[in-house]
Amino acid sequence: MYYKWRQSPQLIQRYRMNCTSCDEPMIVLEVNEVEVDYCLECGGIWLDSGELGILLGDESKVKHVLKEAIPAPKKTETYRKCPICLKKMEEIEIGKDKKIFIDRCRNSHGLWFDRGELRNFAEFMDHGEGSKVVKLLKEMFGE
């Protein structure tokens, strides 16, 4: 696995995304040929549709897990907006023992992970603490 930082002027002009959580500009990281939008301020991560399966190396299993996800219990906080279409995303719940909550665009633009949630999802997908994917996520995002 490899990763690199990328925030070229051309990319910023073409595709500038603000964090859906704190509204700060996000940077683009390339991880295994997947563009990961990352917020340096709050640690949030946006993955476009299909990128999670590529990143974790098991697209069919990721699709199955996301298809089986259930809507999260309603909270008093407002739902986040998709950084692409600006519509409210739905919060979904994954897992039984250790529940993971992530935000999903209702128009299938992608997924939003708060700090640590992507690592938790990778562990849930049988990428345990010692896996290369989880180690890389810890190295990159500090959790």
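The values are calculated or read from the model by the stated rules, or taken from the named source; none is laboratory data. All figures in this text were calculated on a predicted structure; none of them were measured in a lab. Quick reminder, even Gly has a Cβ in these numbers, built from the backbone with ideal geometry, and neighbours come from all protein chains shown.
A few comments on the model shown:
- Any hit, segment 66-87, residues being free of Cβ contacts under 8 Å to residues at least 24 places away in the same chain and within 17 Å of Met26 (Cβ to Cβ): yes
- Any hit, segment 70-78, residues being in contact with a Phe, Trp or Tyr (Cβ under 6 Å, 6 or more places away or on another chain) and surrounded by 13 or more Cβ atoms within 10 Å (Cβ to Cβ): yes
- Meeting the requirement of 3 or more residues that are modelled with pLDDT of 85 or more and touching a strand residue (DSSP E or B) at 6+ places or on another chain (Cβ under 6 Å), the helices (runs of 4 or more DSSP H) wholly within segment 1-117 are 51-56.
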